Structure formats: C-alpha cells, structure tokens
1. Would you be able to tell me the number of residues in region 75-117 that are in contact (Cβ under 8 Å) with a residue 60 or more places away in the chain, among the β-branched types (Val, Ile, Thr), crowded, with 17+ Cβ neighbours inside 10 Å and closer than 24 Å to LYS139 by Cα?
2. Pick from region 90-129 the residues that are under 13 Å from LEU188 (Cβ atoms) and in a strand (DSSP E or B): which of them is farthest from the chain's Cα centre (by Cα)?
3. Tell me the residue from LEU158, LEU122, LEU148, LEU172 that is at pLDDT 95 or above and either at negative phi or not assigned by TED's automatic domain parsing to the domain that holds ILE221 (or both), please.
4. Counting only residues that are at pLDDT 90 or above and under 30 Å from GLU203 (Cα atoms), give me the helices (runs of 4 or more DSSP H) lying completely in region 12-89 with at least 1 of them.
5. Looking at region 189-223, which of its residues are without any contact (Cβ under 8 Å) to a residue 12 or more places away in the chain, of a type in the set (Asp, Glu) and out of contact with any strand residue (DSSP E or B) (no Cβ under 7 Å at 6 or more places or on another chain)?
6. Would you check which residues across region 185-199 are under 23 Å from ASN105 (Cβ atoms), assigned to a helix (DSSP H, G or I) and more than 21 Å from the chain's Cα centre (by Cα) and list them?
7. Quick one: which residue in VAL161, VAL181 is among the β-branched types (Val, Ile, Thr), buried (at least 19 other Cβ atoms within 10 Å of the Cβ) and without any contact (Cβ under 8 Å) to a residue 24 or more places away in the chain?
8. Determine if region 200-216 includes at least one residue that is assigned to a loop (DSSP other than H, G, I, E, B), among the β-branched types (Val, Ile, Thr), assigned by TED's automatic domain parsing to the domain that holds VAL76 and over 18 Å from VAL75 (Cα atoms).
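The values are calculated or read from the model by the stated rules, or taken from the named source; none is laboratory data. Keep in mind it's a predicted model, so treat the numbers as computed, not measured. Cβ placement follows ideal geometry from the backbone for every residue including glycine, while neighbour counts extend to all protein chains displayed.
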Amino acid sequence: MMKRIIKFLLVTFISTCTLACFAQENSKPAFTADEVLRELMMGNANFVQEQAKNGAENGEKRESSLEKGLHPIAVVISCNDLKIAPEFIFGQKLGELFVIRNIGNVVDSNVLTGVEYATEHLQVPLVVVLGHTNCDSIKTAITEDKDLDHVLHLFDELEAVIEESKSQEGDLLENTIKNNVINVVKDLKKSKPLIKKQINKGEIKVVGAIYHSDTGEVEIISE
C-alpha cells in the first residue's frame with residue numbers, strides 16, 4: 001500500500017510541476033478550465049478507488065487520526081507560487097505542518113489569524129516564514145506590472161522592501177526576497193497582544209528561511 005501511495009504522490013507532484021512549467025512558458029493557458037476539472041476528478045476517482053481497496057485499514061487510520069486530533073509541529077508561512085509543498089521540503093507527513101500560503105508570504109490579517117490559532121489553540125512552538133528563490137510574486141512586484149487590480153495590496157506591502165533592496169549591492173530580486181522574509185519575521189515578532197507575548201514567554205519561536213529551488217536546501221536567515 002505504501003508503495004502505491006508514494007507512486008501516486010510522485011506522479012501527482014511531477015504532473016503538477018510539468019503543468020506549472022508549461023503554463024509559464026506560454027502566454028495562453030496550457031489547458032482549459034474544463035480539462036483541468038476533468039483531470040482533478042479523475043485524480044479523485046483514483047483516490048476513491050485506492051480507499052475502497054484498503055477500506056478497513058484506511059477506516060482505522062481515519063478513526064485514529066480523528067481521535068488524536070490535529071497536532072502540527074510547526075507553522076509554515078509560504079508563497080502561493082512555491083512549486084513544492086512545504087511537507088516535501090521538510091520531510092514531514094501531511095498534517096504535521098500548519099501551512100499558510102499567500103502571495104509573497106506577506107503578513108496580513110488572515111496570516112495573523114492562522115498563526116495565532118496554531119500557536120494558541122494547537123500549541124505549535126515554531127513559526128517559519130519561508131521565502132523561495134526566483135519568486136514570481138516578488139518579481140511581478142519589482143517589475144510593477146500592476147494590471148491585476150486585486151494584487152495591488154501586494155505592491156503596497158512590498159514597496160518599502162523593494163526600495164530598501166535597490167540601495168543594496170547584488171541581485172535586486174534575491175535581495176528583495178531575503179529582505180521580505182526578514183521584515184515579515186519582524187512584523188510577526190511585534191504583533192500584539194498574543195504573538196509578542198508568546199515570544200517573550202519563550203512559548204514560541206519565529207524564524208525566517210529561504211528555500212533554494214536549485215538544490216532543495218533551506219537556509220535560515222533570521223531568528
């Protein structure tokens with residue numbers, strides 16, 4: 001069973017990466033909405049079939065999981081365009097990380113709500129702000145492509161970070177990605193009343209990190 005699950009996850013991951021790369025290289029979508037929906041439903045049908053083949057075993061696992069409840073070991077704040085799930089990056093099982101994604105892994109009210117819920121209610125001790133190399137969201141903010149009205153808040157959040165990065169030596173994109181992570185960590189540490197109090201009491205720790213897509217390595221850049 002484990003081999004089948006691993007095979008399914010690998011096929012799904014490879015297919016996702018292939019679709020993402022193909023879509024980026026073409027100005028038009030590689031697939032129509034109906035084609036994508038059909039692909040998703042086929043994937044779900046395969047999932048249901050696997051569940052049926054191992055019904056008793058899966059049922060026991062689900063019941064056990066419900067009894068144990070949700071107990072993630074860390075919060076990971078990552079970007080929507082990160083091409084790989086944080087669970088893969090950190091070698092964790094599904095459910096072992098409390099993952100929060102948004103454009104550019106910036107701090108907004110939804111992120112703060114998620115972090116507070118995880119640290120207070122689920123008693124998660126670690127929060128990781130995870131940026132990544134070649135971030136398309138930040139690249140878009142730098143090029144000031146402001147045709148998308150609903151992502152204007154992203155540019156507002158990153159404007160000061162971009163200006164700060166322009167005054168530094170080195171690659172503008174890399175500097176902005178790094179500075180953004182550092183600033184998000186600072187914002188989280190100052191968040192009142194809950195997160196700042198938890199940090200001061202030593203109940204939680206907030207760190208910033210960069211995922212290097214070329215090597216798979218995670219670099220801690222802020223603690």
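1. Result for region 75-117: 4.
2. That would be LEU126.
3. Going through LEU158, LEU122, LEU148, LEU172 in turn, the sole match is LEU172.
4. Fully inside region 12-89 and qualifying: 86-89.
5. Residue satisfying the conditions is GLU217 alone.
6. LYS190, LEU194, LYS196, GLN198, ILE199
7. VAL161
8. Scanning region 200-216 turns up at least one residue that is assigned to a loop (DSSP other than H, G, I, E, B), among the β-branched types (Val, Ile, Thr), assigned by TED's automatic domain parsing to the domain that holds VAL76 and over 18 Å from VAL75 (Cα atoms).
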